[in-house]
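Below is one structure, written out as structure tokens; the observations come after it.
The values are calculated or read from the model by the stated rules, or taken from the named source; none is laboratory data. Quick caveat, the model's predicted, so the values are computed rather than measured. Every residue, glycine among them, receives a Cβ derived from its backbone with ideal geometry; neighbour counts consider all protein chains shown.
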């Protein structure tokens, strides 16, 4: 035997992902996660990104009850093998996220929560957030705010905020598994509805580390966003 043994390459952190796609799409006017962008359903493009992310071990999709069969069929049709479960969501986003975390592998050290209406999330954005959360316990991608932001009351400006300290949050937001389960349950117990999962752990006094987001990692919310998505689908190849 030689004097030097080749060291085994250490595996990176492994992460379970909850994709929340249980909203009513009221601002879109039709079901956005099933709408096509670049020739594929939004939810499929979203899930493909995690299928190809090395750090992701499993994906749990949380959607509306009427969409469970359709989403499950799409996962089979597109060979999205990392999707282990497609489940019914709750009455609001916080409940849906909590239900998803309960379905993740109980041994999962890290759990990421992602908006199902973000189909253009680069694998590098995912990997960076997972790696940072493995170190800090909570991390999320963000981009600096470019517009001037005003604080207003009753339609009257109160003050101008310093945008150098402002960031637009994106997903996936990645957390220690036990931490995010407890934080979401605490929010539900307190009757607090959140639009951002980082806010749940912030309520417990936990600091969230920011990683580099991507301007293309948009959330499809309105019909105009779908038009932008068609352009982005030409720039971001389907994996």
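A few remarks follow.
- Residue match in segment 68-89 (condition: under 21 Å from residue 187 (Cα atoms) and touching a residue at least 60 places away in the same chain (Cβ under 8 Å)): yes
- Test: residue in segment 168-176 that is closer than 20 Å to residue 101 by Cβ, at pLDDT below 95, surrounded by fewer than 20 Cβ atoms within 10 Å (Cβ to Cβ) and under 15 Å from the mean Cα position of the chain (by Cα): no
- Helices (runs of 4 or more DSSP H) wholly inside segment 165-239 containing at least 1 residues that are in contact with a strand residue (DSSP E or B) (Cβ under 9 Å, 6 or more places away or on another chain) and closer than 19 Å to residue 124 by Cβ: 223-235
- Tabulated pairs, segment 181-201, first surrounded by fewer than 14 Cβ atoms within 10 Å (Cβ to Cβ), second part of a helix (DSSP H, G or I), C-beta under 7 angstrom, 6+ apart or interchain: 193/94; 195/93
- Wholly within segment 33-143, helices (runs of 4 or more DSSP H) carrying at least 3 residues that are modelled with pLDDT of 95 or more, within 14 Å of the chain's Cα centre (by Cα) and buried (at least 23 other Cβ atoms within 10 Å of the Cβ): 42-51, 93-103, 123-136
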